[in-house]
1. Read through the list (1) hydroxyl-bearing (Ser, Thr, Tyr); (2) touching a residue at least 12 places away in the same chain (Cβ under 8 Å); (3) under 27 Å from Lys16 (Cα atoms), then give the number of the only condition that Ser125 fails.
2. For the structure I just gave you, tell me whether Ala101 is of a type in the set (Gly, Ala, Ser) and free of Cβ contacts under 8 Å to residues at least 60 places away in the same chain.
3. In segment 121-153, what residues are touching a Leu at 6+ places or on another chain (Cβ under 9 Å) and in a loop (DSSP other than H, G, I, E, B)?
4. Hey, could you check segment 48-87 for residues that are part of a strand (DSSP E or B) and within 30 Å of Val150 (Cα to Cα) and say which is nearest to the chain's Cα centre (by Cα)?
5. Take the residues in segment 25-39 that are in a helix (DSSP H, G or I) and of a type outside the set (Gly, Ala, Ser); name whichever of them is surrounded by the fewest Cβ atoms within 10 Å (Cβ to Cβ).
6. Could you please tell me which pairs satisfy a Cβ distance under 8 Å, a separation of 6+ or placement on different chains, a first residue in segment 157-168 that is at pLDDT below 50, and a second residue that is not in a loop (DSSP other than H, G, I, E, B) and not β-branched (Val, Ile, Thr)?
7. Could you check, for segment 110-120, whether at least one of its residues is out of contact with any Leu (no Cβ under 7 Å at 6 or more places or on another chain), modelled with pLDDT of 90 or more and on the phi > 0 side of the Ramachandran plot?
8. Considering segment 40-60 alone, what residues qualify as being exposed (fewer than 12 other Cβ atoms within 10 Å of the Cβ) and either modelled with pLDDT under 90 or closer than 30 Å to Asn86 by Cα (or both)?
Amino acid sequence: MLAQRASREMKQILTKLLVRAVRTAGYEVIPRWRLDDLALATHLRELFAKLDIDCVLDVGANRGQYRKFLRMQVGYAGYIASFEPNPACLKHLEEEAKNDALWKIHGFALGSESGHLPINVMRESAFTSFLSPDTSTVPTLAHLNAVVQVETVPVKRLTDVIRLRGREHCVRGRYPSPGNRRAVGPTVGLYVV
C-alpha cells in the first residue's frame, strides 16, 4: 500500500513537471477524456465570466453528469440547483450532493403547472421522460429507450420554488432534450443559453 501511494505521488509530481514544461513552450496539455467537450467547456467558462453567472439550473439532472461537467471541466464553483423526479436517480444525487455544499437537489420535475404527472422511466435513465419514446430517430438505442415502468412524480412551477430577486442574468438553464422543453414551460425571465 505504501508503494502504491509513493507511485501515485511520483506520477502526480511528474505530471505537474511535464505540464509546466509544455506550458513554458507555449502549449497546453489536455487529457483525451476532455477533448469531446473542450469547446463547450471553454465557451461556458467565458460566458459565465462575462455574464457573472453565479447560479445554474440543471433541469432533468439524471445522475449529476452536468454538475460534474460544470465543476471538473468548466471550473464553475457557484450554486447549482438540480431538478430530478426519478426516485432511482434522486437517491444517487442526494448521496453525491453531500460532498458539495453549493449543490441543491430538488426531487421533482419543473412544469408549467404544479401537480403530479406520469413519467416514463426508461431502461437507460437518461432517456426517462414525460413524453412517449420515439425510437425512430436512433433505432440502435431503441432497447435503451424502452419504458420499464411508469411512475407518478411531483411537478412544480419554477416561479413557485425559486426567488431570483431581479437577477435575471445570473442563471443558465439546461434542458435535458428538445422534446422535454415543453414540459418545463416558461422560464420566468431567465437568461437561458
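The values are calculated or read from the model by the stated rules, or taken from the named source; none is laboratory data. None of the values given here were measured: they were computed from a predicted structure. Here Cβ is always computed from backbone atoms with ideal geometry, including for glycine, and neighbour counts include all displayed protein chains.
1. Tallying (1) hydroxyl-bearing (Ser, Thr, Tyr); (2) touching a residue at least 12 places away in the same chain (Cβ under 8 Å); (3) under 27 Å from Lys16 (Cα atoms), Ser125 fails exactly one: (3).
2. yes
3. Scanning segment 121-153 gives Arg123, Glu124, Phe130, Thr135.
4. Asp58
5. Among residues in segment 25-39 that are in a helix (DSSP H, G or I) and of a type outside the set (Gly, Ala, Ser), the one surrounded by the fewest Cβ atoms within 10 Å (Cβ to Cβ) is Arg32.
6. Qualifying pairs under 8 Å: Leu164/Cys170; Arg167/Cys55.
7. Yes, there is a match, as at least one residue in segment 110-120 is out of contact with any Leu (no Cβ under 7 Å at 6 or more places or on another chain), modelled with pLDDT of 90 or more and on the phi > 0 side of the Ramachandran plot.
8. Asp52
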